[in-house]
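Read the structure below first, then the notes.
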Amino acid sequence: MYTFNLVNKFPNIQELNLSAFGQESFLSSLLDNTSVLNTLSNSFAELKQLKRLRLNIPGCKHRLAFILKNLTNPLEYLNLTSCGLVEQDLDFLTSSIHTSTINNLVLSNNDLNNQCDALIKLLKKMRSNIQVLDLGCNSFQFDVYFKIVNEVIVNMDNLRMLVTLDVFKFDNYVKLAEKLSLLNNFVSWRINYSSDYYEKSAKIKNRYKFKKFKQDYIEALERRLATINGSRSVKITINDPDLNFILNEIF
């Protein structure tokens, strides 16, 4: 509670980080305390200049509206990683003052596969201003993720960067790339290795052969993406546990 009260001492701050930092269980239990929850919510009423908020606390589930209801200054950046978001939380954001101002939205690690309709509704309200969108590690099935891309992300005229870290098949990444190639301002895409890659690489025991297989995979992905129509250079980062390979590709 001391931390939340301390916020009131700095009413002019523009950026606030309330990440759990390995204390997820402790902070989540704190939010079960009505007094602490009220203190946090009331603290936001004092932050008239706040533009960037990182609120990575699992205990926010079902409580996002209550926590942020007193925040009167529209945000530009909102990070809700690992908050356990549900439909109720997404609906609150959809009707909030922030939908027309947030240009960088992070919703990673929230298991949003079953919240597809609520997520699409939210993103449609924000489509004209979103420049960076992180939907990584949400246990999306490919058909659900493709629906989100097809129905709303392809209409985000100002989107510059997308983070996609759920594991799909190789050909499904190509299908997504075909859709993303329609975005005029899109320049960066962070993805994971495909399920095909993990299945095949797991069978390789020789370190040299594994290294060659990895390089062959990257080159194959480059060739496939190079067949997609367009002329813009898009930086593709493959999320690698050993190295991040940056591929400068032509969409």
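The values are calculated or read from the model by the stated rules, or taken from the named source; none is laboratory data. Please read these numbers as outputs of a predicted model, since none were measured by experiment. A quick note on method: Cβ atoms are made from the backbone with ideal geometry, for glycine too, and the neighbour counts reach across all protein chains shown. For accessibility, only protein heavy atoms count, side chains too; no ligands or nucleic acids. Shrake-Rupley method; radii C 1.70, N 1.55, O 1.52, S 1.80 Å.
Number of residues in the stretch 186-207 that are within 18 Å of Thr237 (Cβ to Cβ) and part of a loop (DSSP other than H, G, I, E, B): the value is 4. Among the conditions (1) surrounded by 17 or more Cβ atoms within 10 Å (Cβ to Cβ); (2) closer than 29 Å to Gly84 by Cβ, Ala177 misses just one, which is (2).
Close contacts from the stretch 98-127, counting a first residue that is touching a residue at least 40 places away in the same chain (Cβ under 8 Å) and a second that is part of a loop (DSSP other than H, G, I, E, B) and of a type in the set (Gly, Ala, Ser), with Cβ to Cβ under 7 Å and a gap of 6+ residues or different chains, come to Ser108/Gly136. Within the stretch 48-62, the set of residues being within 19 Å of Thr99 (Cβ to Cβ) and in contact with a helix residue (DSSP H, G or I) (Cβ under 7 Å, 6 or more places away or on another chain) comprises Cys60 only. If you go through the stretch 1-39 and keep only what is open to solvent by 50 Å² or more (accessible area, probe 1.4 Å), assigned to a loop (DSSP other than H, G, I, E, B) and at pLDDT 85 or above, you end up with just Gln14.
Per-residue answers, yes or no, for (1) out of contact with any strand residue (DSSP E or B) (no Cβ under 9 Å at 6 or more places or on another chain); (2) modelled with pLDDT under 95; (3) of a type in the set (Gly, Ala, Ser):
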site: Leu90; (1), (2), (3): yes, no, no
site: Ser95; (1), (2), (3): yes, no, yes
site: Asn104; (1), (2), (3): no, no, no
site: Asn129; (1), (2), (3): yes, no, no
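The set of residues from the stretch 155-185 being at pLDDT 95 or above and in a helix (DSSP H, G or I) comprises just one member, Asn155.
Does Lys169 count as within 26 Å of Glu76 (Cα to Cα) and more than 15 Å from the chain's Cα centre (by Cα)? No: the conditions fail for Lys169.
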